[in-house]
Amino acid sequence: MTEYPHLLAPLDLGHVTLKNRVLMGSMHTGLEETSDWNRVAEFYAARARGGVGLMVTGGMAPNREGGVFPEAAGLFTPADIANHRIVTDRVHGDGGLIAMQILHAGRYAYSPDCVAPSAVKSPVSPYAPNELDAAGIEKQIADIAIAAARAREAGYDGVEVMGSEGYFLNQFLVTHTNKRTDDWGGSLENRMRLPIEVMKRVRAAVGADFIVIYRLSMIDLIPEGQTWDEVLTLAKAIESAGASILNTGIGWHEARIPTIATSVPRRAFSWVTKKLMGQVAIPVITSNRINTPEVAEQVLADGCADMVSMARPFLADADFVAKAAAGRAATIAPCIACNQACLDHTFSGKISSCLVNPRACHETELRYDLAETPLKIAVVGAGPAGLSAALVAAERGHAVTLFDRSERIGGQLNMARVIPGKEEFHGLVEWYTTMVAERGIETRLNTEATVDALNGFDHVIIATGVLPRDPGIPGQGGSNVVNYVDVLRHGVAVGDRVAIVGAGGIGFDVAEFLAQKGESPTLHLDEWKAEWGVSDPAQDRGGVAAGGPRPEAPARDIVLLQRKAEKLGKHLGKTTGWIHRAALQMKGVQMIGGVNYERIDDAGLHVSFGPEREKPQLIECDTVVLCSGQEPARGLADELTVQGIACHVIGGADVAAELDAKRAIDQGARLAATL
Ligand code: NAP
Ligand code: SF4
């Protein structure tokens, strides 16, 4: 008997049966744009072998004007169809099913040629769209239907019509973006005409025995978004127009409410999909912040949906479903919803990967093949870099000994996990703990690795991490000054008025930690909804609470400072930085850039501004917390070098500047893949 009876139950769609209720949701990985079709095929085939019921590709453009960016991939020529055949053949060979997403970006397209119902520029795009005339609308519909027919020709098992997230079809639905006065705008009937017409024409183009998923925006999370009645009316009409499945879309890209970031509670929006259950006869899929088989199973058991979509969890672990089915869920590499290697890459024009799994989207190039000769490898430091190196080396058959002076593994991850909104790091440390045992790695915790102890290994990997940087501020030795390690690791008491020196990732984290009273709203959905102003679309248009966000009062008065005269948090994650800034603003955290630190005394932190050190100001506070970056902890590496023992230095011990877990894990894995 499986632990996941709902999740692993087949789903009969009439002409085809899905082997389970798991959809790998669409992700733009950038792979299709590499033109390396073997690499694209291997990415999807690996997930097919991992047992997922149905996969959806990244969004394919139906035409040039609808592409997310000008060179966005699509099915434009016979050669494109042949290339996609390579993917579908490989997936089918590995027992999988795959649908192609058709994504028309409308006014979100990054091009001056972008088109939309009305010439209303989006706040997240530099280009005002060109308003379509009636013939232009007809062309878009025809192109989408042709793309669907080509997908069938290319061997796909279905298509997903992207009708949510504020893209083209969605843009017709709301008066915010549709100002038309012809048959395509005005009344609800007119605004719904385009999605319904698209659905009918797609169904006509592909025939009855083909999966057509329609991704429907169930909560727009923008002012003037759809009401629930409108969503429901559209859902029923899309069903009548021929959809096989309705998938859930949550929020437009321009929404100022987070929808998938790590601080969003798990399954935060399954209640929205649940409102549709029983209202349509076709299966309904729910989505967003579902990242373990337990959560997915519970969502289905609670009757929130017929099927669950997970996207990023399949970057973290291609074998998610197979491991769950085998009763080995603890070995599933967890997606921590950080966006650091996936969406942040996508939005920087880089190929996606995964912080936790550097092989994601690099399957053909980064391989963990069994080593020809098993070696004895010592890894010093059980933080992200060391753990990554140790796991990959052990997977390849080497005998690995892992040293750490701490009583537990995880390194800096143990500080991240105490930050409100970063609770997913608990799961990551647990996973590393499971895998270290699973791979037979010998751990020597509470152990200072000495040069002597490291003698006799074939390779020594130094992953000793970082030490807090000394900012050298006069008076920093006072009893009212602590650093982030004291606060996050040792629980040192901090007063009611705090000045934080340094506004990098850690300065922001410390500010969130010190601002939070009691438990994190990430663990309490109703509190989180109130904090961000999420409401029921049956009550407030678009699910945007009429009263706006209602954050809890902050636990402390906090001032966050940096020397650079630029916006604080500018270098945080591309897709998540705004969330951290908004969260601190809601807690009344004052952010000051362009300061010189003059001194600290009992009254607080004295700063000045500019090269002339003008405008002296006292930041009155009880505690100053130093978060001024880090330096490599290289003492052991230097000692080994002096003794003539070769070693590999990785992670923060190698380069502390701009160190983050993504780079550390990637570097550890890539080194271990070569030994
Ligand atoms: P960081 O990002 O390098 O920031 C260091 C901060 O200290 C900066 O604000 C810097 O600003 C300031 N600073 C540098 N030298 C200073 C000095 N001598 N005196 C006073 N202030 C000084 O380092 P971090 O915050 O320690 O973070 C370490 C790594 O962890 C980073 O890679 C970070 O991205 C990662 N991390 C990421 C997240 C995330 O949310 N993605 C969260 C936590 C950590 P000024 O030079 O302008 O004063
Ligand atoms: Fe998940 Fe982060 Fe990996 Fe993206 S990079 S898949 S969010 S763990």
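The values are calculated or read from the model by the stated rules, or taken from the named source; none is laboratory data. Note that the structure is a prediction, hence the values are computed from the model and not measured. Every residue, glycine among them, receives a Cβ derived from its backbone with ideal geometry; neighbour counts consider all protein chains shown. Areas reflect the complete protein model, heavy atoms only, side chains present, ligands, DNA and RNA absent. Shrake-Rupley method; radii C 1.70, N 1.55, O 1.52, S 1.80 Å.
In deg cm²/dmol and to the nearest 500, what is the mean residue ellipticity at 222 nm of the chain if only DSSP H runs of at least 4 residues count, each as -39500 (n - 2.57), divided by the residue total? Present the calculation step by step, with values, prior to reporting the outcome.
Details: 20 runs with 200 residues, N = 675.
It comes out at -8500 deg cm²/dmol, rounded to the nearest 500.
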Provide the descending list of Cα extents for region 557-675 along its principal axes, expressed in whole angstroms.
55, 36, 27
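Order 643-653, 459-469 from most to least packed using the mean count of other Cβ atoms within 10 Å.
Highest to lowest by the protection proxy: 459-469, 643-653.
Pull out a ≥ b ≥ c, the square roots of the eigenvalues of the alpha-carbon gyration tensor of region 492-599, then state rounded if a/c is under 1.5, prolate if not and a/b is larger than b/c, and oblate in the remaining case. Display every interim value, and only then the final one.
On the way: a/c = 2.60, a/b = 1.74, b/c = 1.50.
Judged from the Cα gyration tensor, region 492-599 comes out prolate (a/c at least 1.5, a/b above b/c).
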Give me a comma-separated list of calculated 3J(HN,Hα) values for region 442-458, in order, Karplus coefficients 6.51, -1.76, 1.60 applied at θ = phi - 60°, integers in Hz, x for any Gly or Pro.
7, 9, 10, 7, 6, 10, 7, 6, 9, 4, 4, 5, 8, 5, x, 8, 6
Among bridges DSSP assigns within region 11-346, what percent are antiparallel (round to 5)?
5 percent
Is the C-alpha gyration tensor of region 438-551 telling us rounded, prolate or oblate? Criteria: a/c under 1.5 is rounded; beyond that, a/b larger than b/c is prolate, otherwise oblate.
oblate
So who's got an amide H within less than 5 Å of the one on ARG444, skipping anything under 5 residues away but keeping other chains? H placed 1.01 Å off N, in plane.
LEU402, PHE403, ASP404
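For an R0 of 22 angstrom, estimate the FRET efficiency from the Cβ-Cβ distance between ALA399 and ALA437 and round to the nearest 0.05. Intermediate values should be presented prior to the final figure.
Numbers: r = 15 Å, r/R0 = 0.68.
Once rounded, the FRET efficiency stands at 0.90.
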Roughly to the nearest percent, how much of the accessible area of region 439-519 is carbon and sulfur, given a 1.4 Å probe?
46 percent
Antiparallel DSSP beta bridges within region 1-103, as percent of all bridges there, nearest 5
20 percent
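How big is the antiparallel share of DSSP beta bridges in the chain, given as a percent to the nearest 5? If you can, show how the numbers build up before the last one.
Working: 17 of 78 bridges.
Around 20 percent of the beta bridges assigned by DSSP in the chain are antiparallel ones.
Given Cα positions, please report Rg to Rh for the chain, the hydrodynamic radius being the Kirkwood one. Could the numbers behind the result be given before it?
Details: Rg = 26.3 Å, Rh = 26.6 Å.
My calculation puts Rg/Rh at 0.99.
Counting every Cα pair in region 11-346, what percent are over 27 Å apart? Can you show the working numbers first?
Numbers: 22217 of 56280 pairs.
Roughly 39 percent, rounded to a whole number.
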Rg and Dmax [Cα atoms of region 358-402; Å; Rg one decimal, Dmax integer]:
11.1, 30
³J(HN,Hα) computed for each position of region 639-650 - Karplus, 6.51 cos²θ - 1.76 cosθ + 1.60, integer Hz, glycine/proline x
4, 4, 4, 4, 7, x, 9, 6, 8, 9, 10, 10
Pop a pseudo-label 7 angstrom from the Cα along the beta-carbon direction at both GLU631 and LYS564 and give the gap in nm to one decimal.
2.1 nm
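Work out, in µm²/s and without decimals, the Stokes-Einstein translational diffusion coefficient of region 605-647 at 25 °C, 0.890 mPa s, Rh from Kirkwood over C-alpha pairs. It would help to have the intermediate numbers written out before the result.
On the way: Rh = 14.5 Å.
Roughly 169 µm²/s, to the nearest whole number.
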For region 563-608 the trypsin sites (Lys or Arg not before Pro) that pass both the DSSP coil test and the at-most-12 other-Cβ-within-10 Å test are LYS564, LYS570
Calculate I(q)/I(0) for region 203-334 by the Debye formula, one identical point scatterer on each C-alpha and no solvent, and give its log10 at q = 0.19, 0.20 Å⁻¹ to two decimals.
-1.13, -1.19
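When only C-alpha pairs under 8 Å and at least 6 residues apart count, what is the relative contact order of the chain, in percent?
12 percent
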Give the long-range amide H neighbours of HIS648: residues separated by 5 or more places, or on another chain, with amide H under 5 Å away, using H modelled in the peptide plane at 1.01 Å from N.
VAL460, ILE461, ILE462
Length gained when the stretch VAL295-GLU71 is fully extended (0.36 nm per residue, less Cα-Cα span)
76.9 nm
With x for Gly and Pro, the residue-by-residue ³J(HN,Hα) of region 374-385, computed from phi through the Karplus equation 6.51 cos²θ - 1.76 cosθ + 1.60 at θ = phi - 60° and given in whole Hz, is x, 10, 9, 10, 9, 10, 10, x, 9, x, x, 5
One can check that the equivalent ellipsoid of region 85-167, built from the alpha-carbon gyration tensor with semi-axes equal to the square roots of five times its eigenvalues, has lengths in Å, largest first, of 31, 14, 9
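For region 197-306, which GluC sites (Glu not before Pro) are in a loop by DSSP, counting at most 16 other Cβ atoms within 10 Å? Mind showing how you got there, number by number?
Numbers: sites: GLU197, GLU224, GLU230, GLU239, GLU254, GLU294, GLU297; in loops: GLU224, GLU254.
For GluC sites (Glu not before Pro) across region 197-306 that sit outside H, G, I, E and B with at most 16 neighbouring Cβ atoms in 10 Å, the list reads GLU224.
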Give, as ranges by residue number, the residues of region 635-675 whose backbone N falls under 20 Å from the point 7 Å along Cα→Cβ of GLU372.
671-675
Counting sequence-distant residues (5 or more places) and residues on other chains, those with an amide H built under 5 Å from that of ARG550 are GLU531, TRP532, GLY533
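Rounded to two decimal places and with Rh computed the Kirkwood way over Cα pairs, what is Rg over Rh for region 192-280? Show your work: numbers first, answer last.
Working: Rg = 14.1 Å, Rh = 14.1 Å.
On the Cα set of region 192-280, Rg over Rh gives 1.00.
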